[in-house]
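Here the structure comes first, spelled out in structure tokens, and everything after it is commentary.
The values are calculated or read from the model by the stated rules, or taken from the named source; none is laboratory data. All of these numbers come straight from a predicted model, not from anything done at the bench. Neighbour counts run over all protein chains shown; Cβ positions are idealised from the backbone, glycine included. These area figures cover heavy atoms from the full protein model, side chains too; ligands, DNA and RNA do not enter into them. Shrake-Rupley method; radii C 1.70, N 1.55, O 1.52, S 1.80 Å.
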Amino acid sequence: MPKSWQKESVIVIAIALILVYALPFAINTFTLSILLIYGMLGLSLGLIWGFGGILCFGQTAFFGLGAYAYAISAINIGESTLPLIFSILVPAAFAALMGAMMFYGRLADVYLGVITLVVTLILFKFINSTASPIYVIGEARLGGYNGIPGFQTLNIPGRPDDYIWGDAFYYFCFAALVIVYLLVSWLLRSSFGRIAIGIRENDERMSLMGYDTRARKTVLFAIGAAIAGLAGGLFANWAEIVTPGLFSLGQSAEIIIWCIVGGLGTRLGPIIGAASLAYLKFLLGQQSMIDNTLIMGLILVLFVLFLPKGIVPAISDLWAASFGRRRKRLRKSRRGTRVISNG
Amino acid sequence: MDFGFVILVEILYAVASLALISAGLAVVFGMMKVINLAHGEFMMLGGYAAITSANMGVNIFIAMLIIAPIVVGLIGLIVERLVIRHLYGRLVDTMLATWGLSLFFIGCATMIFGNTTTGISTPIPGFAVGDYQINGYNFFIIIVSVVLILAMLAVLKTTRLGLIARGTMQNPDMASALGYSPDRIYMATFFVGSALSGFAGAILAPLVGLVPTSGGAFIAKAFITVIAGGPALISGLLSSSALFGFVGQVFSFVASPVIGDVAMLIAAVILLRLLPQGVTGRFFKGKL
């Protein structure tokens, strides 16, 4: 196993190196940065939903929390290294609490969806109503509907005047996404990841085998939230303002659409789904003939009906069907040896 | 004394409007185990149908009570035939597909009616109780909700159609073995559920300015009411809307409407944590 993991990470880094220089020829780096950030957000839900079986309707809550945590601490600290760490830790801690409440109560599917949705709504309503000056954390006013503008954006650690922006910010986002992707790959190959997949397949069986599924789900949920929070912190740097809109239901819906379209149970799918749909939305936003929301809704309905597995699994199936004869035989023989060694 | 009366009316109104908002969703979820996340948009479409036909000169009560439910019911029928029918038994997929539909309808409404607020004035004048002014329309909503719940109870309990529907709800295979096509019953149920949503949207339309996205304000409330209510259709609907309506309204009085909404949502989270199967999963078991 470790060998193929090394091989895979080398391939991933090689492809990433090609893409990081090739992509700016097609799209400008400012747009690319947000696509990468959305890709990371998609990956966060792809991890907990596709591999942990936890359908979270409020992934955007962690995204928003990350962004707000960054903005508030950046105003108070005036330097960006610690705030970026906060943008990871705060959502993770919040998710751990929330996850513990849900999973130790043995809530599943729809009820999980309701609670995550409701918590997101509570945050949305709360943040929206904080316009009055009494809502202050340190020096940062929460600002209610207007959001928080004018905080310190990303700088080189220790040097608050050297901002990372423009092309440099794009490279930073790209590196962050690649690192997160590799970490997720590593996590899924570890025994923790395999057990998480086992829990997705059959919760009861895994707990009968002696694994504490509640604790494991909580941890996985918190990891997903940490990734979403990092994406939120980067988003705050990209937009240079954070608003309550980050917690809105529309944003939540979009993350779910990305995962469905890209493909659940894959790591690449949600990233590709997020980036391509966000780019599509960006292109659609430049015309006013057809409403944006209409197209997004139509895409979601059509995918649920006709391609519920998503683009990436469909393409890899197609690939396997047309070119993968040799591979299939290989896999078969591998499975055979495994049976023998087990028996 | 007067103040107490006002508070009582307001709480009753909160409970009634919650029951009204959730009725359509409860029928669809209780009968078919389908969560229709486009419910809020059905209500929004019902509101638009009522306002449009009222502006064309139809009597406002006819527009609200007859035209809006029929229009939205028909839309629901089309949706059921085209989308939902293929997804029965796949709870999460239906949620996602109906969420897509909700976005689709928001887009449609934005293109047709524009992103502006439309509204009509309430057709019933207010009146004074002591020093306080009460909105007469609130009474109308309370009465409509009571009548609606009684009508649902009567249909389900006493008519043959209700018996068939309840039977299908309990065991679709058995109903189909007895010669009733579950497919057609589900179709009819979805029609009724969407019609109820449109009805609720039309009744509430005079109170709120209507924008294409106003469905979003309803869906969360309806969703938590139905889920917290649990498997029993009417007693679940009544108990959870009574609870949430009460909590929400009391906190609105004590603090502010926003705190009221937040308190209601927190109550829902706590309730689901304590009773994961909903109120009627524990109490009133086997009742309607």
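Here the range B:64-212 has 68 percent of its accessible surface on carbon and sulfur atoms, given a 1.4 Å probe and all protein chains in place. Toward the positive end of the charge dipole of the protein assembly as shown, with +1 on the Cβ of Lys and Arg and -1 on the Cβ of Asp and Glu, the farthest Cα among A:PHE86, B:LEU103, B:PRO276 is that of B:PRO276. The residues of chain B have, on average, 42 Å² of accessible surface per residue, using a 1.4 Å probe with all protein chains present.
Take each residue of peptide B:68-80, count the partner chain Cβ atoms within 10 Å of its Cβ, and average: the result is 0. Diagonalising the gyration tensor over the Cα atoms of the range A:76-173 and scaling each eigenvalue by 5 before taking the square root yields semi-axes of 31, 20, 12 Å, largest first. For the pair the range A:221-296 / the range A:188-220, the C-alpha centres are spaced 28 Å from each other. Here the contact order of chain B, divided by its residue count and restricted to Cα pairs under 8 Å and six or more residues apart, works out to 34 percent. Positive end of the dipole of chain A (Cβ unit charges, origin at the Cα centre): among A:GLN287, A:VAL136, A:THR153, the Cα lying farthest that way belongs to A:GLN287. Helix A:292-306 and the longest principal axis of the C-alpha atoms of chain A enclose an angle of approximately 20°.
Accessible surface for A:MET98 stands near 20 Å², nearest 10, in the context of the full protein assembly shown (1.4 Å probe). Spatial offset of the range B:186-224 relative to the range B:15-73 amounts to 5 Å, using the alpha carbon center of each.
Computed in the context of the full set of protein chains, the accessible area of the range A:27-309 at 1.4 Å probe radius has 67% of its extent on carbon or sulfur.
Residue by residue along A:115-125, Cβ atoms of other protein chains within 10 Å of the local Cβ number 5 on average. What total accessible surface area, summed over both chains, is buried at the interface between chains A and B, computed with a 1.4 Å probe and given in Å² to the nearest 100? The buried area between A and B, both sides summed, comes to about 3300 Å².
Among the listed pairs A:LYS125/A:LYS217; A:LYS281/B:LYS33; A:LYS7/A:LYS309, those whose Cα-Cα separation exceeds 30 Å are A:LYS281/B:LYS33.
Simple point charges give the picture: +1 on the Cβ of Lys and Arg, -1 on the Cβ of Asp and Glu, and for the range B:2-282 a dipole about the Cα centre of about 720 debye. Taking chain A as a Gaussian network, Cα atoms linked when under 10 Å apart, which of A:PRO244, A:PRO157, A:PRO149 shows the biggest mean-square fluctuation? Highest fluctuation of the listed residues: A:PRO157.
Accessible surface calculations at 1.4 Å, restricted to protein heavy atoms, place the range A:27-309 at 39 Å² per residue. Ignoring the sites themselves, what is the longest stretch of chain B with no trypsin sites (Lys or Arg not before Pro) in a DSSP loop and at most 16 other beta-carbon atoms within 10 Å? No qualifying site falls inside B:91-284, the longest such stretch. Rounded to the nearest 20 debye, the dipole size of chain A about its Cα centre is 2100 debye, using +1 on the Cβ of Lys and Arg and -1 on the Cβ of Asp and Glu. Overall dimensions of the range A:169-298, expressed as equivalent-ellipsoid semi-axes from the Cα gyration tensor (√(5λ), whole Å, largest first), are 32, 18, 14. Assuming charge only on the beta carbon of Lys and Arg (+1) and of Asp and Glu (-1), the dipole of the protein assembly as shown about its Cα centre is about 3060 debye to the nearest 20. Result for chain A in a Gaussian network model with C-alpha springs under 10 Å: among A:GLY262, A:GLY193, A:GLY64, the largest mean-square fluctuation is at A:GLY193. Note on chain A: the alpha carbon radius of gyration divided by the globular reference 2.2 N^0.38 Å gives 1.03.
The alpha carbon convex hull volume per residue for the protein assembly as shown rounds to 187 Å³.
Between the listed residues B:THR225, B:THR117, B:VAL79, the Cα displaced farthest toward the positive end of the dipole of the range B:2-282, a dipole computed from Cβ unit charges relative to the Cα centre, is found at B:VAL79. For the pair A:LEU208 and A:SER190, the difference between a 0.36 nm per residue extended length and the Cα-Cα distance amounts to 4.4 nm.
Under 5 Å between amide hydrogens, built in the peptide plane, is the criterion, and for A:ILE137 it picks out A:LEU142 among residues at least 5 positions away or on other chains. For the residues of B:81-91, the average number of beta carbons from a partner chain within 10 Å of their own beta carbon is 2. If you run the Gaussian network model on chain B, springs between alpha carbon atoms under 10 Å, then out of B:ALA38, B:ALA267, B:ALA202 the most flexible one is B:ALA267.
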